[in-house]
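Report on the following structure.
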Amino acid sequence: MQDIITVPPIIEARGIVKRFNEGSENELEILHGIDLNVRKGEFVSIVGTSGSGKSTLMNIIGLLDKPTAGSYMLDGVDVCCAGDTELSHIRNSKIGFVFQTYNLIARTSAIKNVELPMLYAGVKAKERRERAMELLELVEMKERINHTPDELSGGQKQRVAIARALVNHPSIILADEPTGALDSATGRKIMDLFHKLHKEQGITIVFITHSPELAKETERILTLKDGEFIDERMGIKYAS
Ligand SMILES: Nc1ncnc2c1ncn2[C@@H]1O[C@H](COP(=O)(O)OP(=O)(O)O)[C@@H](O)[C@H]1O
Ligand SMILES: [Mg+2]
């Protein structure tokens, strides 16, 4: 008989509710009780129309924002009760972010952009430089290390942003529409890079996208509609 190996979830969120402007007449409930499990090494995509709550959910998963209600275990740590300093430490060490608009620091070279999260993590200068070089090589940007963001194309900027996301050996990459601002051929190459990171380095990836075609290439597709996950085939709510 074959052994069943259960991989513990790296993301385990239960009943996540997010309300903005709570208590005011502008109060809006955007997430209505999301359950999300992601296993270590999984490549999951989250799809949904604009305004369905994808970025709101990603900000909570990435500890950039707090849920109004619900529980969240990240890599075995209950993060709901952590203070701000602890949250930023967990975020910097466990999560690598990739955004649609790259979010690189202007007038700062590619290599310095990649080194920055290591500076916050207290890594020494020589090691920072070596690690940044190694990652810029991995994303095929070794020839552009001294270029500033305005000297790079969209695809090149996103490669630098992906290198930056990887520097602190994160447990998870959270990518919010990373190909959304790119033409389809460039987006294709960025997607290939995510596949490479997943296959060769076993990185857990949560990939938010507008593109059903790109989502189909991932191991599991979750569809967010009006702040809830739905099963598109059945038209019903379900827990991931
Ligand atoms: N800080 C905020 N205050 C009020 N409403 C917000 C805030 N952030 C997002 N929203 C609202 O939440 C909804 C979902 O937004 P978002 O998560 O950005 O959707 P998506 O990423 O799927 O396009 C939108 O209606 C948006 O206007
Ligand atoms: Mg969004």
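Please treat every number below as a calculation from the coordinates, not as lab data. Keep in mind it's a predicted model, so treat the numbers as computed, not measured. Here the Cβ is made from the backbone with ideal geometry for all residues, glycine too, and neighbour counts use every protein chain on show.
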For this session: Determine which member of the set 190, 205 is within 23 Å of residue 9 (Cα to Cα), away from ligand 2 (no atom under 16 Å from the Cβ) and surrounded by 16 or more Cβ atoms within 10 Å (Cβ to Cβ).
Result: 205
Problem set entry | Residues (away from ligand 2 (no atom under 14 Å from the Cβ), within 25 Å of residue 201 (Cβ to Cβ) and assigned to a strand (DSSP E or B)) located in the stretch 5-48 | 9, 10, 11, 12, 13, 36, 37, 38, 39, 43, 44
Problem set entry | Qualifying residue in the stretch 72-79 (condition: assigned to a loop (DSSP other than H, G, I, E, B), within 16 Å of ligand 1 (Cβ to nearest atom), touching a residue at least 24 places away in the same chain (Cβ under 8 Å) and of a type in the set (Asp, Glu)) | no
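Got at least one residue in the stretch 31-43 being surrounded by fewer than 19 Cβ atoms within 10 Å (Cβ to Cβ) and among the acidic types (Asp, Glu)?
Within the stretch 31-43, one or more residues are surrounded by fewer than 19 Cβ atoms within 10 Å (Cβ to Cβ) and among the acidic types (Asp, Glu).
Could you go through the stretch 49-63 and let me know if any residue there is within 16 Å of ligand 2 (Cβ to nearest atom) and closer than 30 Å to residue 130 by Cβ.
yes
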For this session: Check whether at least one residue in the stretch 50-70 is closer than 26 Å to residue 191 by Cα, within 13 Å of ligand 1 (Cβ to nearest atom) and loosely packed, with under 15 Cβ neighbours inside 10 Å, and report yes or no.
Result: yes
Exercise. How many of the residues in the stretch 174-203 are over 17 Å from residue 138 (Cα atoms) and either among the acidic types (Asp, Glu) or in a strand (DSSP E or B) (or both)?
Worked result: 5
Problem set entry | Selection from the stretch 107-141 of residues that are part of a loop (DSSP other than H, G, I, E, B), of a type outside the set (Val, Ile, Thr) and within 22 Å of residue 89 (Cα to Cα) | 121, 122, 124
For this session: For residues that are among the hydrophobic types (A, V, I, L, M, F, W, C) and more than 22 Å from residue 35 (Cα to Cα), scanning just the stretch 64-100, find the one that is farthest from ligand 2 (Cβ to nearest atom).
Result: 98
Seminar exercise, completed: Among 209, 204, the single one that is within 16 Å of ligand 1 (Cβ to nearest atom) and within 30 Å of residue 51 (Cβ to Cβ) is 209
